[in-house]
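Here the structure comes first, spelled out in structure tokens, and everything after it is commentary.
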Amino acid sequence: MEQNPAPVAREFLAHYADYDEQSRLSNTRSGGLEFLRSQELILRHMQTPPQKVLDVGGSPDVYSLWLASLGHEVHLIDPVQKHVLQAMDASRNQPGNPIASINIGDARSLTQGDASFDTVLLMGPRYRLSERSDRIIALQKARRVLRPDGLIFVSVVCRFVTLMDGLTDGTIDDPYFVNILRGTLNNGQHRNPRGVPDYFTTSFMHTPDELEAEIADSGFDLIEMAAIQGPRWLANDFESRWAIPERRTLLLELVRSVEHERSMMCVSPHIMAIGRKRE
């Protein structure tokens, strides 16, 4: 008999109960770059609507609403009640193309039927699952609900994002932050036992090789792996540049030019892997 997965970490739920993930992606320029680039990567591979999409760990609504607006049938699950309620509100405000269903759910225990979706998004659950066994289960569950040749889009936080955060904002002067950083750099396990809001929460941060191996070990053929934001950290004036259309265009061109360069991939805060269900 299949065992129920361990509960979602309390510190993870507490972090997102207070954190505004919806505004991060839609109302900040750095979040805007992540959202725009993720859209680009998804549209490179996703077939024309209507496709049946399962957004697993979809946070408040951002990707689900966008895909629904394109004419796809989107079903969203997320373990955070606040996100589910936000998604319901947002969907009601898009009556012409609402999200088809919105529910509390866990990536490791999907209840959807076998081979019932064309596409699965795993844009959040990867980093909150600290154990590799849990991450493999989540991928295998996604594979089960995918139709033959179905696509999966997996986004993860890169191993070195905490280091780059600390170097750019000066938090390496805080000994507590440095202890967090050492653990993350050592094995990808990011822990913030005091719950300092700016230092993120319990999570696992990948290297590209780890992500590629997890995709392969879960029954998918890797189609593409790409850096989402690329080396945007190096632009000290990123916020002002992003606000000017001509400069934004150049930034995007440069990010795209190195998106597949494996030696630079973990300079990006996030990377995305796109896989096809292997029969």
Next on the checklist: Being free of Cβ contacts under 8 Å to residues at least 24 places away in the same chain and under 27 Å from R37 (Cα atoms) narrows it down to one residue among L151, L146, L167, L129; which is it?
Outcome noted: L167
Next on the checklist: Looking at segment 205-223, can you tell me whether even one residue there is in a strand (DSSP E or B), surrounded by 13 or more Cβ atoms within 10 Å (Cβ to Cβ) and touching a Phe, Trp or Tyr at 6+ places or on another chain (Cβ under 6 Å)?
Outcome noted: no
Next on the checklist: Considering only residues that are charged (D, E, K, R), free of Cβ contacts under 8 Å to residues at least 24 places away in the same chain and surrounded by 14 or more Cβ atoms within 10 Å (Cβ to Cβ), which ones fall in segment 232-255?
Outcome noted: R241, R247, R248
Checklist outcome for this item: Of the conditions (1) in contact with a Leu (Cβ under 7 Å, 6 or more places away or on another chain); (2) surrounded by 21 or more Cβ atoms within 10 Å (Cβ to Cβ), the single one that M46 does not satisfy is (2)
Checklist entry - (1) assigned to a loop (DSSP other than H, G, I, E, B); (2) out of contact with any Leu (no Cβ under 8 Å at 6 or more places or on another chain); (3) modelled with pLDDT of 80 or more: which one isn't true of E40, the others all being true? => result (1)
Checklist entry - Across segment 50-74, what is the total count of residues that are touching a residue at least 40 places away in the same chain (Cβ under 8 Å) and surrounded by fewer than 21 Cβ atoms within 10 Å (Cβ to Cβ)? => result 2
Checklist entry - Looking at segment 127-187, what helices (runs of 4 or more DSSP H) fall wholly within it and have at least 1 residues that are in contact with a strand residue (DSSP E or B) (Cβ under 6 Å, 6 or more places away or on another chain) and of a type in the set (A, V, I, L, M)? => result 132-145
Item to check | Enumeration of residues in segment 172-197 that are modelled with pLDDT of 95 or more, over 20 Å from R126 (Cα atoms) and either β-branched (V, I, T) or surrounded by 14 or more Cβ atoms within 10 Å (Cβ to Cβ) (or both) | outcome: I172, D174, F177, V178
Item to check | Count - residues of segment 188-201 that are closer than 24 Å to D134 by Cα and in a loop (DSSP other than H, G, I, E, B) | outcome: 7
Next on the checklist: Condition (residue is closer than 21 Å to R143 by Cα and assigned to a loop (DSSP other than H, G, I, E, B)) applied to segment 67-77: is it met by at least one residue?
Outcome noted: yes
Item to check | Unique residue being of a type in the set (G, A, S), at pLDDT below 95 and either over 24 Å from L121 (Cβ atoms) or out of contact with any Cys (no Cβ under 6 Å at 6 or more places or on another chain) (or both) when the list is A216, A226, A243 | outcome: A243
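So that you can scan it fast, the table gives a plain yes or no per residue for (1) touching a His at 6+ places or on another chain (Cβ under 9 Å); (2) farther than 20 Å from E131 by Cα:
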| residue | (1), (2) |
| --- | --- |
| V154 | no, no |
| L163 | no, yes |
| G166 | no, yes |
| S203 | yes, no |
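The values are calculated or read from the model by the stated rules, or taken from the named source; none is laboratory data. Computed from a prediction, not measured in an experiment: that's the story for all the values here. Positions of Cβ are generated from backbone atoms using ideal geometry, with glycine treated the same way; all protein chains shown enter the neighbour counts.
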